[in-house]
Amino acid sequence: MAHHHAVAGRRDLLRAGAAIAGFGIAGYSTSAGPATQRASAATANPYLVGRGIADATGEVAEVGMMGYGRMDQQAEGLHMRLWSRAFVIADRASTERVLLVVVDAPMIFESVHREVLRRIGERHGDLYTERNVLITATHTHAGPGGHAHHLLYNMTTKGFHRATFEAVTAGIVESIERAHADLTPTELTLTHGELHNTSVNRSRAAFDRNPADITEHFPEAIDPQSSVLRIERDGHLVGAINWFATHGTSMSGDNRLISSDNKGYAAYRWEREAGHADRSAESGPGFVAAFAQTNAGDMSPNLDLTPSTTPEDFAHTRTIGHRQYEAAARQLDQRGHRLTGGVDSRLVYIDLSEVTVRPEFTGDGREHTTCTPAIGAAMAAGSTEDGPAFPTFSEGENPLWDAVSHSVLYTASPRLRDCQAPKGIFVPIGEMNRVHPWVQEQVPVQLVRIGRLYLIGIPGEVTIAAGLRLRRTVADIVGADHDDVLVAGYANSYFHYVTTPEEYDAQHYEGGSTLFGRWQLPALQQTAARLATAMRDGRQLPLGPVAPDLSGEQLSLQPPVVLDTPPPSREFGDVLAEPRSFHRSGERVVTEFAGAHPGNDLHRGDTYLEVQRRVGTAWRTVADDGDWSTKFRWARQGVSASRVTITWDIPPGTVPGSYRIRYHGDARTPPGHIRPFTGTTRTFTVSG
């Protein structure tokens, strides 16, 4: 079967969720019988947990891809669909609940965070708010961009893309609705393991500047901890969340296919192994596995410290993803810690451009302040281990740019010079914010508790050393084991990197990308301490300076699709190149169609393609565009014609028989109508 249920099942899943939407906290307690029975049940399963998954794939053609910052990286098709996985966890002994969402996306921008909260607020009032909703990204560098409200992130996408913004937002909201509808008495178990061959420190010289209490804690200069939250009902595993630190850069900057990268493959593999592919409307959401990020700022999956040399390094992506899956699945054999205790959350916004940091957090016994954001020359250079950016810039010292900035910028902004030192400033982007919002300055910092597990929600890319300091800060206040406190990076918004002051001084890529200066991490530690103290003492906190709503200030320069036409003497959906009549397992099937622009309909919750096997007189779908084995490529021919190439790598163990491939497209025809069509190949045979 396809990784996610068959197409009809996809369309029916939300209706199935609505049918059981009443089975929440109130619904369960009403039908549970006498109070003594309810108390006994709550002791056995102290939480209600709901799981949900939904398609969050945006545009797959003629949209700039997000992550490498390359103008030339425009999407040309789809490798694997992007998914939002949501988990509602409610404490049966109180009214508290938290909502964790893990999205196959490059980042979670404030634009999406705000709109998701607005939409679920319309449905559920104040049940889900900024305080108890934690939305994180897997940080794939093969996702579409254009869904931010800050200009810096839309520079490679020709501005704001409403279609992608809507797809990401709607997918997250749908996954939340399905998780809310799935609330059921559940047992949670936390386990920790180690994974040593899936990440490498791409800034070892910067890491080595840290004091011994950090370097000795991470002797390999990586964070090997792989943590799993098991979700079980009546002794059966129904879901899991894994946290492990490695970048989503297995697919190179030369890749042109939308993909969920290594963490997406890990989730795909575990859900497929658990039978997730066979779920239906009647069976509910099946097994849901999320592979979330932690402090992955300096953790690269490119173990030889060299970016992928092929445009789409599928083998490397699969290897790194498979290792994360194996590490998580191995932890099923561990007894672990069965979670009990409360569920709680706190969130505040801080203006990171002007935080006064107290001496107990600065490390030098003196008070310091953060500064308005600035991009360093080392950030312009890019991470050479994962994908360089602008030429003439390098990590570390940049003498030419330093001379220019000292003679021009520094003379004009001595305060910025002093505050950002020793950064060689490439762009004083905080000053540019005064004219138009380029980057976010009012940022959310969050703390979530689920029993003994604590998650620190940071809207950026935290190095392992910076993450350790944050984890120790919180653990020492709440009295938790340090292993049970995790940084949830890429959470709720985005403000680039977080390094220790020692790493900042090296001005590698991560330091150059730490926008608010040398004291940014201490400012975040101070805020995390405030959250932890309030949580420990049972106090609520004011929300703080919430980021402004920028939804009315968006620019879009991407030309719309005006017209689709088939090639001369052809119709939409015609097969231009048929597959061979006979294939063996392990071979690649290739076919081409007269197509149309994929942006006419994103097919969210559906598919652009189906691989079907004949079963009796019917055709059964065995793979679609959410599967690892398929690839959907689009190319423009001339002015308005499109050529679509579909490939299927026949997996080992495929059932022998008769197969065909179907393509589902949508053509924009005069006077602007969109007409769906389908093309189908001839039948071909697959042998074992």
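Here, each number is a calculation from the coordinates, and none is a lab measurement. Quick caveat: nothing in here was measured; it's all calculated off a predicted structure. Backbone-built Cβ (ideal geometry, glycine too); neighbour counts: all protein chains shown.
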Euclidean distance of C-alpha centroids, the range 135-159 and the range 534-565, integer Å: 12
In order through the range 137-149: 3J(HN,Hα) via Karplus (6.51 cos²θ - 1.76 cosθ + 1.60), integer Hz, x for Gly, Pro: 10, 6, 6, 4, 8, 10, x, x, x, x, 10, 8, 9
Under the Karplus curve 6.51 cos²θ - 1.76 cosθ + 1.60, θ = phi - 60°, whole-Hz ³J(HN,Hα) for the range 338-352, x wherever Gly or Pro sits: 6, 6, 9, x, x, 10, 7, 7, 9, 8, 9, 9, 10, 8, 6
Relative contact order %, the chain, counting alpha carbon pairs below 8 Å whose residues are six or more apart: 16
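Within 13 Å, Cβ to Cβ, of His583, how many net charges do the neighbouring residues add up to if Lys/Arg are +1 and Asp/Glu are -1?
On the way: positive: Arg580, Arg584, Arg588, Arg613, Arg660, Arg682; negative: Glu578, Glu587, Asp649.
In short, +3.
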Selection from Gly342, Phe314, Leu332 lying farthest towards where the dipole of the range 298-347 points positive, charges on Cβ: Gly342
Pair Arg119, Ser640: separation of 7 Å Cα→Cβ label points (nm): 3.2
Among 171-180, 340-349, the order from most to least packed when residues are scored by Cβ within 10 Å on average: 171-180, 340-349
Partners for Lys631 among lysines (Cα-Cα distance below 28 Å; same-chain residues under 8 apart left out): Lys158, Lys263
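By how many nm would the segment from Val590 to Ala315 lengthen if fully extended, with 0.36 nm per residue of separation less the alpha-carbon distance? Before the final figure, lay out the partial values.
On the way: separation 275, 0.36 × 275 = 99.00 nm, distance 1.89 nm.
Fully extending the segment from Val590 to Ala315 adds 97.1 nm.
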Dipole of the chain, positive direction: furthest Cα of Ser226, Pro301, Val98, with charges on the beta-carbon: Val98
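If we count other beta carbons within 10 Å of each Cβ, what is the order of Leu555, Leu257, fewest first?
Details: Leu555 10, Leu257 21.
The most exposed by this proxy come first: Leu555, Leu257.
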Listed residues Met80, Ala61, Thr136: farthest to the positive end of the dipole of the range 37-156 (Cβ charges): Thr136
Simple label model, 7 Å out from Cα along Cβ direction - Leu303 to Arg358, nm: 4.5
FRET efficiency, 1/(1 + (r/R0)^6) with R0 51 Å, evaluated for Val562 and Asp234 via beta carbons: 0.35
Fewest-first ranking of Ile650, Ile258, using other Cβ atoms within 10 Å as the exposure measure: Ile650, Ile258
Segments 479-487, 501-509 sorted - mean Cβ within 10 Å per residue, highest first: 501-509, 479-487
Label-to-label distance, nm, for residues given as Ser687 and Ala205 (7 Å Cα→Cβ offset): 5.8
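Where does the chain land on the Kirkwood hydrodynamic radius, alpha-carbon pairs, in angstrom? Numbers along the way, then the final one.
Details: mean 1/r = 0.0388 Å⁻¹.
Its Kirkwood hydrodynamic radius stands at 25.8 Å.
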Highest-first arrangement of 512-518, 653-659, 557-563, 200-206, where packing means the average Cβ count within 10 Å: 512-518, 200-206, 653-659, 557-563
Label point at Arg162 placed 7 Å out along Cα→Cβ; residues across the range 602-643 whose backbone nitrogen lies under 19 Å: 602-604
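Expected output is a single nm value to one decimal: the length gained when fully extending between Asp537 and Met71, i.e. 0.36 nm times separation in residues minus the C-alpha distance. What is it? List each step's numbers first, then the result.
Numbers: separation 466, 0.36 × 466 = 167.76 nm, distance 4.91 nm.
Full-extension gain reported as 162.8 nm.
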Calculated diffusion of the range 575-687, Stokes-Einstein form, Kirkwood radius summed over Cα pairs, 20 °C and 1.002 mPa s, µm²/s: 147
Ratio of Rg to Rh over the range 50-97 (Cα coordinates, Kirkwood Rh, two decimals): 1.27
Cβ-placed point charges (K, R +1; D, E -1), dipole of the chain about Cα centre in debye, nearest 20: 1680
